[in-house]
Amino acid sequence: SSREESKKESMTERALLVRSATSSSGRYYAVGIEVPKVRVFDTMSGSLVSVVEAATGNMLSKAGTKGTGLNAVNLTSIHFANAPVNKKKATNANTVSNVEAGLHAIVGTSDGTILIHDVGNDKLRHHISVSDTQQPITAIASAGVYVLAATANKTLSVVNIITGAVLLENIPIVRTVTAIDAVLAPDANDDTNTLHILCCGVQSVLYKVH
């Protein structure tokens, strides 16, 4: 029947990208996509707790100019991150004071944009373009306050979750990446931290970013 067909279409659409995570308070969340929205649910109560959405026509590039509207954009990747929420304005991209943990939904789009959404406060924190040529984001991961995004033109970018600053961009990687993961670890030679990034695709490569 038409009713059954409608139900099947809805289930297929919501199953495009699904992720789960545990917030700092121990509650569980799941996310399903209904383009152009990402809905985050509390799986303990079944209630909708947050909706990730950007206003059409308000997408900003790194240069601060408006890009394409979300109506023409597909959502390509989702990642959950337990990252600090900034209570006070950061002094720079890497230094933050007086922070508390919070669950963030990190969403990648087909035009090279990253949406960073504070789930607990249901607020879009950042809307960042990491591809000047609007290449789709193929994979997203996080480590500490850093978001890592791989794009279809074989580049990798690193963004600060708290400030939204693009710390590194267009790092060349050898293959198109379908999945990435990262660990932030102290460097054995000095007091800095090193990002260990595993990029997986046809060929898997481990990168270190100081």
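Quick look at the values:
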{"quantity": "Virtual spin-label span in nm between VAL183 and LEU168, 7 Å along Cα→Cβ", "calculated": "1.7"}
{"quantity": "Within-15-Å neighbourhood charge of CYS200 [Cβ basis; K, R +1; D, E -1]", "calculated": "+1"}
{"quantity": "Accessible surface, segment 128-210, averaged per residue in Å² (probe 1.4 Å)", "calculated": "48"}
{"quantity": "Inter-probe distance in nm under a simple model that places probes 7 Å from Cα toward Cβ, at THR192 and SER45", "calculated": "4.5"}
{"quantity": "FRET efficiency, TYR207 to ALA30 (Cβ-Cβ, R0 30 Å, nearest 0.05)", "calculated": "0.50"}
{"quantity": "Solvent-accessible surface ranking, highest first, for THR194, THR178 at 1.4 angstrom", "calculated": "THR178, THR194"}
{"quantity": "Net charge contributed by nearby residues that have their C-beta within less than 15 Å of SER47 (K/R +1, D/E -1)", "calculated": "0"}
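The values are calculated or read from the model by the stated rules, or taken from the named source; none is laboratory data. Everything quoted here is computed from the prediction, not taken from an experiment. We place every Cβ from the backbone using ideal geometry, glycine too, and count neighbours over all the protein chains shown. Each accessible area value is taken on the protein alone, full model and side chains, heavy atoms only, with ligands, DNA and RNA left out. Shrake-Rupley method; radii C 1.70, N 1.55, O 1.52, S 1.80 Å.
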